[in-house]
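Written out below as structure tokens is the structure these notes cover.
The values are calculated or read from the model by the stated rules, or taken from the named source; none is laboratory data. Quantities reported herein were computed from a predicted structural model and do not represent experimental measurements. Glycine also receives a Cβ, built like all others from the backbone with ideal geometry; neighbour counts cover every protein chain displayed. Surface areas here come from the heavy atoms of the whole protein model, side chains and all, with no ligands, DNA or RNA. Shrake-Rupley method; radii C 1.70, N 1.55, O 1.52, S 1.80 Å.
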Amino acid sequence: MATQTRKAAKALKDGETSSPCRVALIGFGTVGRAVAKILCEGDRDWLRLTHICNRNVERKKQPWVPSDVTWTESIESVLKSDVDIVIELIGGLSPAEQIVRSAHGSGKSVVTANKQLIARHGSDLLELAAKNGCQLEFGASVAGGVPVLPALRTGLSGDRLHGIAGILNGTCNYILSRIENARVPFSEALEEAQARGYAEADASEDLDGGDARAKLAILALAGLHTQVAPESVRARTIRAIDAVDFDYAAELRCTIRQISRADLQGDTLFAEVGPCLVPADSPFGRVQRNLNLVLTSGQYGGDMAFLGAGAGGDPTAVAVVSDVMFVAEGLAGGKRKVKSKVSAPSISSDFETPWYLRFFVRDQPGIVARLAQIMAAHRLNIDSLLQKPGFDKSSLPFVITLEPCRDSMLHPALEEMAGLEFAIRPCLCLPILR
Ligand SMILES: NC(=O)c1ccc[n+]([C@@H]2O[C@H](COP(=O)([O-])OP(=O)(O)OC[C@H]3O[C@@H](n4cnc5c(N)ncnc54)[C@H](OP(=O)(O)O)[C@@H]3O)[C@@H](O)[C@H]2O)c1
């Protein structure tokens with residue numbers, strides 16, 4: 001371990017808040033900027049952003065970054081500095097690989113979101129980190145903000161996992177769910193994804209499975225402890241999927257998703273990426289837009305599911321900062337010396353939600369008009385009125401749904417309605433969670 005890192009570790013162990021863990025950020029793009037924001041806005045005085053490094057850095061400078069942060073375009077000066085943790089967010093293989101190797105060589109821990117680097121050199125770099133007494137964390141490299149990698153490496157490490165399957169590419173999922181829902185041709189769904197910024201101009205890596213298989217290789221490394229070259233995993237394209245395939249899939253109560261799956265059976269890892277039919281009402285079938293879903297299967301714990309935003313600056317930055325905090329705690333001997341502040345808020349149940357109101361009434365003319373009058377007087381907006389036929393008129397159930405309002409606004413109206421002569425039961429009032 002390098003001298004500075006040892007010093008910081010000791011300081012953190014001793015609870016010295018005057019020697020915070022020093023963090024450098026290399027790459028101030030979509031994710032880097034969001035990471036810097038979180039680090040600068042937080043009240044973590046035990047974790048300090050000291051350097052931001054990017055080529056042509058002048059144009060990157062932001063007024064919200066504290067003045068004691070050093071802006072630089074020299075990667076070398078960052079690596080020679082006394083930082084404890086280097087965050088690599090430039091992407092690609094070179095010079096990212098050299099940055100990580102050189103940081104570890106000088107005893108610095110690294111946090112990265114770089115899937116290409118980890119998919120190709122992950123096990124090698126983990127070994128290098130361990131040899132140098134430091135850590136390499138890459139929780140954001142698969143499924144962006146969904147904490148599936150930390151779960152595999154810690155929360156599920158007690159299980160013996162044998163299967164991992166996922167929707168790992170938001171672009172493909174956006175395109176396929178768009179064809180499914182609007183029955184548009186593939187080319188139109190792709191153009192739309194490009195226009196909305198969900199797909200790059202050259203989307204080959206996404207459409208043909210290159211992106212997803214790199215992520216699958218990382219999941220296999222973290223969860224199945226297998227080293228897999230991404231290129232060794234078969235990847236089938238989604239370009240051939242047509243709207244008519246969704247019609248036929250629907251006949252089978254199925255839909256189509258790009259699924260990445262790896263199943264370890266003895267000494268064989270069955271792995272592939274490509275479009276598959278999945279039951280429409282299954283977890284995979286229900287994943288819409290550009291969300292990611294990962295399902296794991298373990299010998300003891302059974303199946304687990306992880307769903308959320310697979311990309312985007314802010315969700316990915318959360319995963320990066322969480323890794324940084326994890327490493328910093330490791331430097332502090334595994335003990336969090338400076339706990340997150342705990343606040344003592346006032347407690348309220350006054351949620352603002354849409355509402356479901358179910359009435360049982362003795363039928364007579366003017367009931368709906370009377371209820372509507374009370375709701376209008378309390379400034380409540382009716383969303384819908386539902387009444388099923390065939391009930392006895394002396395005990396008639398019907399439902400009114402309301403647009404979002406606070407519990408405190410609804411309550412006086414309910415009290416007023418409870419006194420109505422046609423109400424034969426108290427109104428059942430349920431929030432609608434969407
Ligand atoms: N964006 C996401 O939603 C997402 C999700 C998961 C993981 N990731 C991963 O996170 C990493 C960063 O992604 P991003 O979307 O933030 O990329 P980005 O927006 O392209 O940012 C990369 C930044 O690094 C700088 N840079 C590139 N090469 C450099 C070099 N040789 N020296 C100094 N600076 C250099 C770029 O400068 P310029 O401005 O000059 O180009 C840019 O500011 C990638 O590994 C990516 O795969 C991203």
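Data for the structure
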quantity	calculated
Elements of type strands (runs of 3 or more DSSP E) in region 39-118, at least 1 residues being within 9 Å of the ligand (Cβ to nearest atom)	47-53, 85-88, 109-112
Hits in region 119-142 - residues which are more than 14 Å from the ligand (Cβ to nearest atom), assigned to a helix (DSSP H, G or I) and surrounded by fewer than 19 Cβ atoms within 10 Å (Cβ to Cβ)	Ser123, Asp124, Leu126, Glu127, Leu128, Ala130, Lys131
Counted residues, region 351-383 - those being within 22 Å of Leu433 (Cα to Cα) and surrounded by fewer than 11 Cβ atoms within 10 Å (Cβ to Cβ)	1
Residue check, Ala317 part of a helix (DSSP H, G or I), out of contact with any strand residue (DSSP E or B) (no Cβ under 9 Å at 6 or more places or on another chain) and open to solvent by less than 10 Å² (accessible area, probe 1.4 Å)	yes
Test for Ala24: is it among the small types (Gly, Ala, Ser), surrounded by 19 or more Cβ atoms within 10 Å (Cβ to Cβ) and free of Cβ contacts under 8 Å to residues at least 60 places away in the same chain	no
Subset of region 76-101 [in contact with an Asp or Glu (Cβ under 6 Å, 6 or more places away or on another chain) and of a type in the set (Gly, Ala, Ser)]	Ala96
Only one of Gly310, Gly298 that is surrounded by 11 or more Cβ atoms within 10 Å (Cβ to Cβ), under 23 Å from the mean Cα position of the chain (by Cα) and within 16 Å of the ligand (Cβ to nearest atom)	Gly310
Of the criteria (1) open to solvent by 30 Å² or more (accessible area, probe 1.4 Å); (2) touching a helix residue (DSSP H, G or I) at 6+ places or on another chain (Cβ under 6 Å); (3) under 29 Å from Asp159 (Cα atoms); (4) among the charged types (D, E, K, R), which one Arg234 fails	(2)
Filtered residue count, region 265-314, keeping only those that are in a strand (DSSP E or B), in contact (Cβ under 8 Å) with a residue 60 or more places away in the chain and either touching an Asp or Glu at 6+ places or on another chain (Cβ under 8 Å) or among the hydrophobic types (A, V, I, L, M, F, W, C) (or both)	12
